[in-house]
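The values are calculated or read from the model by the stated rules, or taken from the named source; none is laboratory data. This is a predicted model, so every value here is computed, not measured. Ideal geometry is used to build each Cβ from the backbone, glycine not excepted, and the neighbour counts take in all protein chains shown. To get the accessible areas, we keep the full protein, side chains included, count just its heavy atoms, and leave off ligands, DNA and RNA. Shrake-Rupley method; radii C 1.70, N 1.55, O 1.52, S 1.80 Å.
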Amino acid sequence: MSTPARRRLMRDFKRLQEDPPTGVSGAPTDNNIMIWNAVIFGPHDTPFEDGTFKLTIEFTEEYPNKPPTVRFVSHMFHPNVYADGGICLDILQNRWSPTYDVSAILTSIQSLLSDPNPNSPANSMAAQLYKENRREYEKRVKACVEQSFID
Amino acid sequence: MRMGDNNEGGLGTSKDEPQMNQDEMILAQQRQIEKEISDSIPLVGSLEPLESLNKEYLTDTVYLEKVKDLAKKYKFMRRTRPDGNCFFRAFSYANVEILTGKKEEFEEFYKLAENSKNALVELGFQQFTVEDFYDTYMEVLKRIKTAPTVEESKNELHTLFNEQGFSDYMVVYLRLLTSGQLQKEEDFYSCFIEGHRTVADFCHQEVEPMYKESDHIHIIAACAALNTGVRVVYMDRGTGKSCTEHDLPEGCTPTVHLLYRPGHYDILYP
């Protein structure tokens, strides 16, 4: 059955294949266009470099009028990522606009890895270390990077 | 002492503190409230006699007086769902409904709509996403325009505006057109924006996102975008026995009539 949400997701997928942004990829799961798997590669010149972080994106029929639920499956250590993988990012909550697509979501999360916002922490330990002990922060992040190879 | 400090000993294990995901809890509660509203009120309701307003104000003499005044000018009303999109949905619906009986004017409006996508893309809107809303918007207009009789056009309009997918796309596209209008006439509109925000920021935060309520500035820009005038009839607890009328843009001959009660818009019919 074609609904606006499903039709739109097909478009999102097509665009992601034809014009893929660097360092991110995503695709619907085999039997459900409403659930996607995605990968974000850790941005260069950040402690996340070389990591391959997996995520799931769950859409509702209200997409693109409401944002999808995006979650890291890979273990993350980041000031704005909750222990359950949920992401604290304005465009996924109150600043969502229907003009965003999957490509925009993934690139926004990718830049969140480079530029955490420690003032709105989802992981207060990560936020604190990011502000006060950058070396320890990077050490913890690098452990995630290494774990991302195994996951 | 922060929660995180207690976990210091757990270094090396992958256990961060089990912080509750508050964003999701807030969102879940918000969704529950929205669901209660959407289960009980249709996106756009049927035509009702204006006197149906009395039921809401059985013991409220201020409002009852005002309904009496309103009834001198308007016979019917159509309620919209109070979901923050009511202005855009009501305006869009009422505008097309008026056009259903007027072939030439509908054609003219259809042409204006056809050209609107390129204007948005030229303003810097992303073609890919705009196209999605535009295609649906045009499909809805076309289905209403090509129905064999005026009555069937009106039925089609009512059906489509009550299907969430189509209805919300109509709202989004009008929001985008409104945003485009604001950005096109940036110099003019920037005077009306509160706080230190650019017109573009205002559009991203208050106009384009769904469920954001409309102010005066949205209405003026939406009217300009659709080349239509609207009369907003204000009914509130203010003194006086009559409702206040505002024509937007000022001095126009309004075709669409909306009833405004604090926080909400419904459609009025003479």
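Points worth noting:
- Förster radius 60 Å - calculated FRET efficiency between A:ARG7 and A:ASN133 (Cβ-Cβ, nearest 0.05): 0.80
- Estimated FRET transfer efficiency when R0 is 35 angstrom, pair B:LYS55-B:VAL150 (beta carbons, to 0.05): 0.70
- Annotation: amide H of B:VAL256 within the under-5 Å range of B:GLY229, B:ARG231, sequence separation 5 or more or interchain, hydrogens built in the peptide plane.
- Size of the A/B contact, given as accessible area buried on both chains, probe 1.4 Å, in Å²: 3300 Å²
- Residues whose placed amide H lies under 5 Å from that of A:GLU61, excluding near-sequence neighbours: none
- Enclosed volume per residue, in Å³, of the convex hull spanned by Cα atoms of region B:161-270: 129 Å³
- GNM flexibility winner over chain B from B:GLY180, B:GLY124, B:GLY229 (Cα, springs under 10 Å): B:GLY124
- For the protein assembly as shown, the share of accessible area belonging to carbon and sulfur comes to 50 percent (1.4 Å probe, ligands and nucleic acids excluded).
- For region A:1-27, a drop of 40 Å² or more in accessible area on going from the chain alone to the assembled protein chains (1.4 Å probe) is found at A:PRO4, A:ARG7, A:ARG8, A:ARG11, A:ARG15.
- Drop in accessible area of at least 10 Å² in the complex versus isolated chain, residues of region B:159-181, 1.4 Å probe: B:GLN164, B:GLY165, B:PHE166, B:ASP168, B:TYR169, B:VAL172, B:LEU176
- Mean accessible surface per residue for the protein assembly as shown, computed with a 1.4 Å probe while every protein chain stays in place, in Å²: 49 Å²
- Lysine pairs in region B:55-189 whose alpha-carbon atoms fall under 24 angstrom of each other, counting only those eight or more residues apart or on distinct chains, come to 29.
- Qualifying chymotrypsin sites (Phe, Trp or Tyr not before Pro) in region B:109-156, DSSP loop, other Cβ atoms within 10 Å at most 10: none
- Degrees separating the helix B:61-73 axis from the principal Cα axis of chain B, which is the longest one: 50 degrees
- Value of [θ]222 nm, deg cm²/dmol, for the protein assembly as shown, DSSP H segments ≥ 4, -39500 (n - 2.57) each, nearest 500: -14500 deg cm²/dmol
- Helix B:22-40 axis, angle to chain B major axis (alpha carbon atoms, nearest 10°): 20 degrees
- Phi angles of region B:209-220 translate, via the Karplus equation with coefficients 6.51, -1.76, 1.60 and θ = phi - 60°, into HN-Hα couplings of x, 4, 6, 7, 6, 9, 10, 3, 5, 4, 5, 4 Hz per residue; Gly and Pro are given as x.
- Taken along the Cα-to-beta-carbon direction at a fixed 7 Å, the label points for B:ASN115 and A:GLU146 span 6.5 nm.
- Heavy atoms of B:HIS216: accessible area, 1.4 Å probe, square angstrom to 10: 80 Å²
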